[in-house]
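Here is the structure we will look at, set down as C-alpha cells.
A short reminder: the numbers here are calculations on the coordinates, not readings from a lab. Source: prediction; values computed, not measured. With ideal geometry, Cβ positions are generated from the backbone for all residues, glycine too; neighbour counts draw on all protein chains shown.
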Amino acid sequence: MRLIGSASEIGDQPQMRLLCAATIAFAIVRRNDRLLATGIKMLSAHTLATWGKSGVKSVVNRTRPESGDDPTVRWGDSDAHEENSFPSGHSAGAISVAQAFARSYPNHSFTARSAALAVAAVQVPRGTHYAGDVVAGVLIGLGAERASEAAIGSSLQRLDAKRINVALTGVWAGLCKIGS
C-alpha cells in the first residue's frame, strides 16, 4: 500500500501543476497547437478544482481516518491537516486534469480517466480520506473542468505554438546576450 500511496502523490497540487506546465512546455517545443491548448486547459481546470476544494476546506472540518475515528463533517475553519479531510484535493485535481486531457484526446480518455480514478480511489485504503471525501473531490474536479472548458475552451483555438516557440527563442537569445 505504501508504494501505491506514493504513486498516488502525482495527484497532489505541486505535481499536478508540474505535469500541466510540462505539457505546455513540451507543446511549445514541439510546436503542437492542440497539445498547447490542452496543457492550458489542464492548468485552468486544476486551478478551478484547487479553488473549489480549498473553498470547501475553509468552512468544513473533518478528521482524517488516520487521525481519529470521528467521520463527522462539521462547520469549522481549522487549517490543521488532520482536520481537513473533506473534500479530497488529490481527487479533485487528478480528475480535473484527466477530464481536460480526455476532452482533447478522446482516444486516450480511458487511460487518463482510469489513472485519475486510481489516484482518487487509493486515498481511502491509505487512510487519508473517507469515501465521501473522494466522491466530493471527484465532483469538484468534474465541475471545475466543465467550468474551465466553458470559460476558455473556444478561445484557445487561436493559439499558435510555432509563434510562441519563435518568440521564446528570441527572448532566450536576448537574455543570453545580456548575460555574456
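So how far apart, in nm, are the two label points at residue 117 and residue 151 if each is 7 Å from Cα heading toward Cβ?
2.7
Quick one: Cα centre-to-centre distance for the stretch 42-57 and the stretch 104-160, in angstrom?
So the two Cα centres are separated by 11 Å.
For residue 66 paired with residue 108, estimate the spin-label separation in nm (one decimal), with each label point 7 Å from Cα along the Cα-to-Cβ line.
For residue 66 paired with residue 108, the spin-label model returns 3.1 nm.
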